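Computed from the coordinates by the stated procedures, all read-outs in this text should not be read as laboratory data. Remember, predicted model here, so these are calculated numbers, not experimental data. Positions of Cβ are backbone-derived with ideal geometry, glycine not excepted, and every protein chain shown enters the neighbour counts.
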Amino acid sequence: MNNKIKRILPQLLTILFVVFVFGFFTINAQVNMDNRGIDFGFGFLSQEASFDMQFTLLDYDGQDSYLWAYVVALLNTLLVSFLGIIFCTILGVIIGIARLSQNFLIKNSAAWYVEFFRNIPLLLQIFFWYYAALRALPLPENAQPWFGVTYMTIKGYYIPSMIWENLNVFISCLIAAIVAIIFIRIYAKKIQEKEGKQLPVLYMSLALITILPLLSFLMGGVTLDFEIPVLKQLAQTSFIYEGGVALPPELIALVLALSLYTSTFVAECVRAGIQGISKGQKEAAASVGLTPNQILKLVIMPQALRIIIPPTTNQYLNLTKNSSLAAAIAYPDLVLVFAGTALMQTGKAIEIVGITMLTYLSISLAIAALMNWYNKRIEIKEK
Amino acid sequence: MNLSLNRIKSQNQMTNIYIGSALLILSILDVFLNSFFRINISGSLPGNLSIFFPLILGFLGLSYLRTEYSGYKFLDSLNKNINTNNFNAFLTLFITFAILKAFPPALSWMILDANISGDTKEACTGTGACWTYIKVWLKRFMYGMYPNELHWRINSAFLLVIGLGFVGYFFKENLKKYLALYYVVIYPIIAFLIIYYLISGGSFGLVWVETGAWGGLSLTFIVSFFCLIFCFPLGMILALGRRSSLPAIRYISVGYIEFWRGVPLITVLFMSSVMFPMFLPQDFFMDKLVRVIIAITLFEAAYCAEVIRGGLQALPRGQYDAAKSLGMGYWKMHIFVILPQALKLVIPGIANTFLALVKDTPLIFVVGLAEIAGMLALAKTNPKWLGFAMEGYIFAAIIFWIICYAMSKYSYNLEEKYKTER
């Protein structure tokens, strides 16, 4: 009896406490909103947004609804995160491997790179790139081309855009190639398990992924044109580039800062992963007669990845959450557009901040769930 | 590649070493003279060749120098460390030349061509950095808009708080058992009172300074300090809650932790500044700074909880069983057996959380609190001082870098220390 009370009483008190806090907040919110004449509801989402965005991936103008503004802003957030993740992975892997180099200079340069970028607050790094470094770039009329056709200017990075004809044919060819590769891999594995024979899967995959899309150009009527940005004079002293794609400086600063900052953490994950594999593994693999390539592919990497991937995903998640710092330099991401402009205009603080937080929360939880599934899958199955 | 280079090598090792060092020294000299004195020895070479000239020379030199064993200590360590193969030799040269090339411009911008004299923008005439700007604005960067003549209040408050933080070291043996009580309960309260009465003022004959005027680096310290001392106990409770055998408590803790870990800090700050006032009673006013501190504390507590949970999980089951078999209850077991050991394990992790907290505090700029990033933005847009954003951000970066680097080194040392003790 006594034991039962001991178990139930703390739980009851905790639940009461939580209910009390929530109830207190809800009642206050009710009173406050009544006094200010605001009513709770999500009806505003279908109203006209009537604000503009500097940079969008999808078509958007002021006449679209708040809901559409939300979608467009969310896509901007995802674009920054996606680019940041790609660059931070590339940089992080290189730096992480460099930290394990035998070369004294390389090892130390990589270590200093990590120490340098890791210990400066991300917000300051973003500000540095945006307000100091990118402002030192030339004006459009003075810009020298990079790689002949791209222009890095104070107003952004101008790159050629691609104009496709029959893009869907190309994409379906690409998908077909990927599906074929998956089938070949499965088949090759079966063959290897049955007969011990190894098929040249890599070469076959490479051939497929180049030949099939190439065929679509030759026979499927797919064409690809590049629209190269051209300098255009707007007024006496005002120039812009027309045509092509313009990446705004906000995006560049954000991606630069995010990927440099996060790459240091990815580098540490990679280093820890590779260091976590004992030397005996490599020697054992060599003594059964595997080639160096096979050792890396079949013995080292599967084990190192098991250590590397979970913390790295965590870093990707951090990067995605940190991309919300975009609001500080006015890149139209979810926080700036929705929790900033839209909130200002509608005054629906609770709904809008709630939606914004829920969006990030669901991204995080989705990735966490995926991670748990992956961890379960790659777990060492002990007998 | 290797083969063909070996073919041109002489059979005599000494000749190889002489040729190699001559080539290597020549290539380094070329880059050095070029970057420090703008003398271009290889300038007469056609086109792009002059850029690659030192690289090629150095590469040849290093491959001449590469031998199994030469008997010279310096050469052997060179070969072993930076010249093991062609690829390494190339990277070595590349990094050396990049440093040699980048050093003089950076040096002249930072020091040689920089200005620090004078009090106005006009004093900055050189092509280098304008440290005058930092000098003039230094008080603002440090103390925000806090009145100049009252800065002693911030300084003395900080000194007092730091001094009290060390009091624990001087506790007598019989007082040691109150150490945790002191740091978890008494110290935060005293620190809060000191900061409230000294920095805010309003009583004891001190002028009231509203929190809107607080700013600069001192605000960063105040915010991180309070969040730091409040988030730790909260995180401990949450970690225990997550490990609890009572389902309701466990699920509430899990929900809390996962919620705060899943949202970015910036939305939490937005929540504290625009949404939270709606949740408070009508005539109840809470200062923005207090709201922000509460928000960051709630946010960081979730991260703290996860770190502490790691420590709790790392303890062997035997510790729990042993404590229970002595007849200890839940609280007795945790306070006297589990937590002292678990917290020792997680000190490095906690230090890392605090490091992240310090790096996160500049974010409060987004909700309009003028800590150092805010003051920089203000100074940058001042019409008298346009165009010195670079100096300002480099200054702030250096300060934060020193703080964070020291913290990370300290946490690394702690980690090493506790590693050996186990």
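List of remarks:
- Projecting the Cα atoms of A:S161, B:V254, A:A328 onto the charge dipole of the protein assembly as shown, computed from C-beta unit charges around the Cα centre, puts B:V254 farthest toward the positive end.
- Cα centroid separation, region A:6-62 to region A:277-323 (Å): 44 Å
- Rounded to the nearest 20 debye, dipole of chain A from Cβ charges on Lys, Arg, Asp, Glu: 2320 debye
- Paramagnetic label reach from A:D59 (point 7 Å along Cα→Cβ; backbone nitrogen cut-off under 20 Å): within region A:222-266, residues A:243-246.
- Here B:I99 and A:S238 are evaluated by their C-beta separation; at R0 = 56 Å the FRET efficiency comes out at 0.90.
- Compared with the dominant principal axis of the Cα atoms in chain B, helix B:49-65 is inclined by about 90°.
- Taking A:S216, A:S263, A:S161 and counting other C-beta atoms within 10 Å, the order from fewest to most: A:S161, A:S216, A:S263
- Size of charge dipole - region B:369-422 - debye, nearest 20, with Cβ of Lys, Arg +1 and Asp, Glu -1, no other charges: 20 debye
- Each residue of region B:67-76 is assigned a 3J(HN,Hα), and the resulting list reads 9, 4, 8, 10, x, 8, 4, 4, 5, 5 Hz, derived from the Karplus form 6.51 cos²θ - 1.76 cosθ + 1.60 (θ = phi - 60°), x at Gly and Pro.
- Stretched out straight at 0.36 nm per residue, the stretch from B:K417 to B:N85 would grow longer than its current Cα-Cα span by 115.8 nm.
- According to the Kirkwood relation over distinct C-alpha pairs, the hydrodynamic radius of region B:271-422 is 19.1 Å.
- Only the Cβ atoms of Lys and Arg (+1) and of Asp and Glu (-1) were treated as charged; on that basis the dipole of the protein assembly as shown about its Cα centre amounts to roughly 3340 debye.
- Helical segments meeting 27 Å axial Cα length and Kyte-Doolittle 0.5 threshold in chain A (DSSP H): A:2-36, A:66-98, A:167-195, A:249-275, A:349-378
- Mean per-residue shielding of peptide A:356-363 is 5, counting Cβ atoms of other chains within 10 Å of each Cβ.
- Legend: calculated FRET efficiency, A:M371 to A:F42, from the Cβ-Cβ distance at R0 = 30 Å, rounded to 0.05, equals 0.45.
- FRET E, pair A:I191, A:N168, Förster distance 30 Å, beta-carbon r, rounded to 0.05: 0.30
- Contour minus Cα-Cα distance for A:S161 and A:S287 (0.36 nm per residue): 40.1 nm
- Take the Cα of B:E173, step 7 Å toward its Cβ, do the same at A:I211, and the gap between the two points is 8.5 nm.
- Report summary: the helix-based calculation at 222 nm, which adds -39500 (n - 2.57) for every DSSP H run with n ≥ 4 and divides by the residues of chain B, gives -21500 deg cm²/dmol.
- Extreme residue, positive dipole direction of chain B, given options B:T220, B:L269, B:H334 (C-beta unit charges): B:H334
- With the simple spin-label model, which puts each label point 7 Å out from Cα in the Cβ direction, the B:A106 to A:I154 separation comes to 2.6 nm.
- Whole-angstrom gap from region B:141-166 to region A:212-274, using each part's C-alpha centre: 47 Å
- Straight-line cross-link reach from A:K282 at under 24 Å between alpha-carbon atoms covers these lysines, not counting any fewer than eight positions away in the same chain: A:K107, A:K189, A:K197, A:K297, A:K381, A:K383, B:K80.
- Based on DSSP H segments of at least four residues, each scored -39500 (n - 2.57), chain A has a per-residue ellipticity at 222 nm of -20500 deg cm²/dmol.
- Ranked by the mean number of other Cβ atoms within 10 Å of their residues, highest first, the peptides B:358-368, B:374-384 come out as B:358-368, B:374-384.
- The amide H of A:T153, built 1.01 Å from its N in the peptide plane, has A:Y158 as neighbours under 5 Å, considering only residues 5 or more places off or on other chains.
- Cut-off 18 Å, label 7 Å out along Cα→Cβ of B:Q341, residues of region B:223-252 by amide N: B:240, B:243-244
- Full-stretch length increase - B:Q313, B:L29 - with 0.36 nm per residue and alpha-carbon distance subtracted: 96.4 nm
- Exposed loop positions in chain A were taken to be GluC sites (Glu not before Pro) whose DSSP state is not H, G, I, E or B and which have at most 16 other beta-carbon atoms within 10 angstrom. Between these positions, the longest stretch is A:1-378.
- Backbone N under 19 Å from the A:M204 label point (7 Å along Cα→Cβ), restricted to region A:157-189: A:174-189
- Each listed q (0.14 Å⁻¹) maps to a log10 I(q)/I(0) for region A:1-127, found by the Debye formula over equal Cα scatterers with no solvent: -0.89.
- Listed by chain and number, the lysines whose C-alpha is less than 29 Å from the C-alpha of B:K324, apart from same-chain residues fewer than 8 away, are A:K4, A:K6, B:K176, B:K177, B:K332, B:K344, B:K419.
- 10 Å binning of all Cα-Cα separations within chain B, expressed as whole percents from 0 upward: 4, 15, 20, 17, 16, 14, 10, 4, 0, 0
- Per-residue mean of C-beta atoms belonging to partner chains within 10 Å, peptide A:4-10: 2
- Neighbour-count ranking [beta-carbon atoms within 10 angstrom, fewest first] of A:S324, A:S50: A:S50, A:S324
- The 3J(HN,Hα) values that the Karplus relation (6.51, -1.76, 1.60; θ = phi - 60°) gives for region B:181-192 are, in residue order, 4, 4, 6, 8, 10, 6, 4, x, 5, 4, 4, 4 Hz. Gly and Pro appear as x.
- Partner aspartates and glutamates for B:K101 [C-alpha distance under 20 Å; skip if fewer than 8 residues away on the same chain]: B:D30, B:D113
- Exercise: per-residue mean of other protein chain Cβ atoms within 10 Å, A:129-141: 2
- Across the options A:I85, A:I27, A:A235, the greatest Cα extent toward the positive end of the charge dipole of chain A (unit charges at beta carbon of Lys, Arg, Asp, Glu) belongs to A:I85.
- Degrees, to the nearest 10: B:288-314 long Cα axis against longest axis of chain B: 80 degrees
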